[in-house]
Amino acid sequence: MATNTLDDGETDEYAETESALETALRQLSEAAPHVDVDDGVIERLKHPTRVVEVGVPLERDDGSVEVYTGYRAQHDDVRGPYKGGLRFHPEVTAEECVGLSMWMTWKCAVMDLPFGGGKGGVVVDPKDLSTAEKERLTRRFAEEIRDTIGPKRDIPAPDMGTDAQTMAWFMDAYSMQEGETTPGVVTGKPPVIGGSEGREEAPGRSVAIVAREALRYYDRAVEDATVAVQGFGSVGANAARLLDDWGANVVAVSDVNGAAYDTTGLDTHAIPSHEEEPEAVMTYDAPNTLTNEELLELDVDVLIPAALGNVITADNANDVEADVVVEGANGPTTSAADAVLDERDVPVIPDILANAGGVTVSYFEWLQDINRRQWPLERVNEELESMMLSAWDDVRAEVEARGLAWRDAAYVVALERVGSAKAARGLWP
Ligand code: GLU
C-alpha cells in the first residue's frame with residue numbers, strides 16, 4: 001500500500017498500487033497549478049462534503065442474518081446534486097468511495113452537466129447472494145441512506161455489481177417510503193419505469209466515440225485501426241461492438257478468464273457480453289488466446305482497459321505497445337503508469353472524459369423523469385454524440401493551448417468550471 005504523502009502531491013515516489021483516493025488526489029495536485037483557481041478552493045476540493053456509513057442487515061434465504069457495511073460519499077455539489085454510481089463489491093471501502101466520488105465531480109464538470117460528484121456501495125460479493133437476497137439488501141440499503149439521497153440532492157446509478165434491476169428495487173423502496181413514485185431518485189432504471197433508452201450502452205458508446213475522435217486527432221481512420229479491449233461487461237462490450245460496426249479491427253477482448261485473440265478481427269457480436277452470459281469470452285472459437293496481462297501489451301492502435309482499476313501500473317506501463325489508451329474503466333491507470341506513458345508519448349484519454357457517456361445519459365434520464373416524457377433512442381444518441389464532441393473539443397483545446405497531457409487537460413476544464421462556481425457562490429458563512 002501507499003507510503004507516499006498526498007497532501008502536497010509532490011513526492012516523486014509512487015506506491016505500487018494506489019487507492020482511488022490517492023490517485024484522485026495526486027491528479028488534482030498535478031492539475032491545480034495549471035488553473036487560475038484559488039488555493040482555498042483547491043483545498044476544499046481535496047475533501048468530501050460527507051461520507052455516510054450504514055449497517056445493512058440482511059436475512060439470508062436460510063434464515064440467518066448478516067450485516068453488511070454500506071457507504072455513500074458525497075464529494076461536491078456546487079454545480080448541482082451529487083451524482084454517481086453504487087457498487088456491490090467485496091473491496092468497497094469508504095476511501096474508495098471518496099476517490100470515485102471526486103472523479104464523478106470532474107466527470108460531470110467536463111461534460112458540463114449540472115451535477116456534482118457522489119459514489120457509494122455495499123461491501124458484498126453479489127455472486128454470493130441469490131436474486132431475492134440482492135433485492136432485500138438493495139431495499140434495506142436504500143432505506144438506510146434515504147435521508148442522504150433524493151432527486152434534488154444525490155442521485156445514485158448503476159456501477160460495478162449493480163444494474164437496471166438493482167435501480168428498480170432501489171427506486172421502489174425509496175418511493176414506497178416517501179409515499180410517492182419518485183423515478184428521478186436514481187438513474188439507470190429499466191425504461192418501463194422511467195429509465196432512458198440507450199442508458200445501458202452509453203458508457204461504451206462514449207468510449208467508442210472518444211476512441212474514434214482520438215484516432216482522427218492522430219491522423220488515423222477508425223476503419224484502419226486495430227483495437228484491444230480488456231473487459232467484456234457493459235462498457236467493454238458496447239465499445240468493442242460499436243468500433244467493430246464502424247469498421248475497426250477488434251483483435252482482442254477479454255474477461256476474467258483471459259482474452260480471445262484474432263489478428264484478422266473478432267466477430268464482437270458473436271461473443272457474449274458479461275450481461276448476456278457471464279465469463280463466456282473464452283467459449284468463443286478464437287484462433288488464439290491471451291492472458292489479460294498479454295492483452296495490455298498488444299501492439300494495437302487503441303487499447304481500452306474497461307474492466308478494473310489499477311491494471312496499467314509501473315510494472316507494465318513500459319510494455320504497453322498501443323498508440324493510444326482510452327480508459328473505459330474508472331481509474332485503470334495508476335499515477336506511476338501515467339507518468340511512464342506520458343514520458344513515452346503514449347496519449348491516455350482519461351476515464352472522466354471517455355466513459356462519461358453513462359452519466360450524460362443519466363442526466364438525460366433525470367430530465368425525462370422531471371418532465372415525465374420519454375425520449376426516443378435516436379434523440380438520446382444524437383444528444384450524447386453532440387455532448388461528447390463538445391467535451392472532446394473543450395479538452396482538446398486545453399491540450400493544444402497548454403501542451404498538457406489529456407488527463408491534465410480534462411482536469412483543467414473541470415476545475416475551471418467547479419472553481420468558478422465556487423468563487424461565484426463564495427464560502428458560507
Ligand atoms: N457509475 C457510472 C460512472 O462511473 C455512472 C454514474 C451515473 O450515471 O450517475 O460514471
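The values are calculated or read from the model by the stated rules, or taken from the named source; none is laboratory data. Since this is a predicted model, take the numbers as computed values, not measurements. Here the Cβ positions follow ideal geometry from the backbone for every residue, glycine too, while neighbour counts run over all protein chains shown. Accessible surface is based on the protein model in full, side chains and every heavy atom, while ligands, DNA and RNA are left aside. Shrake-Rupley method; radii C 1.70, N 1.55, O 1.52, S 1.80 Å.
Among the protein heavy atoms of segment 111-227, carbon and sulfur supply 45% of the accessible surface, probe 1.4 Å, non-protein parts ignored. Here segment 228-362 carries DSSP beta bridges of which approximately 40% are antiparallel, counting only pairs with both residues inside.
Taken over the alpha carbons of the chain as equal point scatterers, the Debye sum produces base-10 log I(q)/I(0) values at 0.09 Å⁻¹ of -0.52.
Using only the C-alpha atoms, the convex hull of segment 82-142 corresponds to 85 Å³ per residue. On a per residue basis, the convex hull of the C-alpha atoms belonging to segment 334-380 measures out at 78 Å³. Its convex hull of Cα atoms gives segment 111-165 a direction-averaged projected area, equal to a quarter of the hull surface, of 4.6 nm². Semi-axes of the equivalent ellipsoid for segment 169-285, computed as √(5λ) from the eigenvalues of its C-alpha gyration tensor and ordered from largest down, come to 34, 18, 9 Å. What the pair-distance distribution of segment 387-426 shows, using all Cα-Cα distances binned every 5 Å from zero, is 6, 27, 25, 21, 13, 8, 1 percent.
The GluC sites (Glu not before Pro) of segment 121-224 that DSSP puts in a loop, and whose beta carbon has at most 14 other beta carbons within 10 Å, are Glu180.
Of the listed residues Ser335, Ser420, the order by accessible area with a 1.4 Å probe, largest first, is Ser420, Ser335. Here Cys97 sits with roughly 0 square angstrom of accessible surface, probe radius 1.4 Å.
When the GluC sites (Glu not before Pro) in segment 27-95 are filtered for DSSP coil states and for at most 16 other beta-carbon atoms within 10 Å of their beta-carbon, the remaining sites are Glu91. Loop-located GluC sites (Glu not before Pro) in segment 347-383 (DSSP state not H, G, I, E or B) with no more than 12 neighbouring Cβ atoms inside 10 Å do not occur. Mean residue ellipticity at 222 nm, helices only, the chain: -13000 deg cm²/dmol; runs of at least 4 DSSP H residues each add -39,500 (n - 2.57), and the sum is divided by the number of residues. Kirkwood-type hydrodynamic radius, segment 298-429: 16.6 Å, calculated from all non-identical alpha-carbon pairs. Between Asp245, Asp219, Asp299, where does the largest GNM mean-square fluctuation fall for the chain, given springs only between Cα atoms within less than 10 Å? Of Asp245, Asp219, Asp299, the most mobile in the Gaussian network model is Asp219.
Within the chain, the longest segment free of exposed loop sites, counting trypsin sites (Lys or Arg not before Pro) that fall outside DSSP classes H, G, I, E and B and have at most 13 other Cβ atoms within 10 Å, spans 153-343.
Only the Cβ atoms of Lys and Arg (+1) and of Asp and Glu (-1) were treated as charged; on that basis the dipole of the chain about its Cα centre amounts to roughly 2000 debye.
Summary: within the chain, the longest segment free of chymotrypsin sites (Phe, Trp or Tyr not before Pro) located in DSSP loops with at most 16 other C-beta atoms within 10 Å is 1-217. Couplings 3J(HN,Hα) for segment 26-43, derived from phi with the Karplus relation 6.51 cos²θ - 1.76 cosθ + 1.60 (θ = phi - 60°), are 5, 4, 5, 5, 6, 7, 3, x, 8, 10, 8, 10, 3, 4, x, 5, 4, 4 Hz, where x marks Gly and Pro. Computed from the Kirkwood radius of its Cα pairs, the Stokes-Einstein diffusion coefficient for segment 36-142 at 20 °C and 1.002 mPa s stands at 145 µm²/s. Among Val110, Val35, Val395, the largest mean-square fluctuation in a Gaussian network model of the chain (Cα springs under 10 Å) belongs to Val35. Per residue, the chain exposes 41 Å² of accessible surface when a 1.4 Å probe is rolled over the protein heavy atoms with every protein chain present. In segment 332-429, the portion of solvent-accessible area held by carbon and sulfur atoms comes to 49 percent [1.4 Å probe, whole percent, DNA, RNA and ligands not counted].
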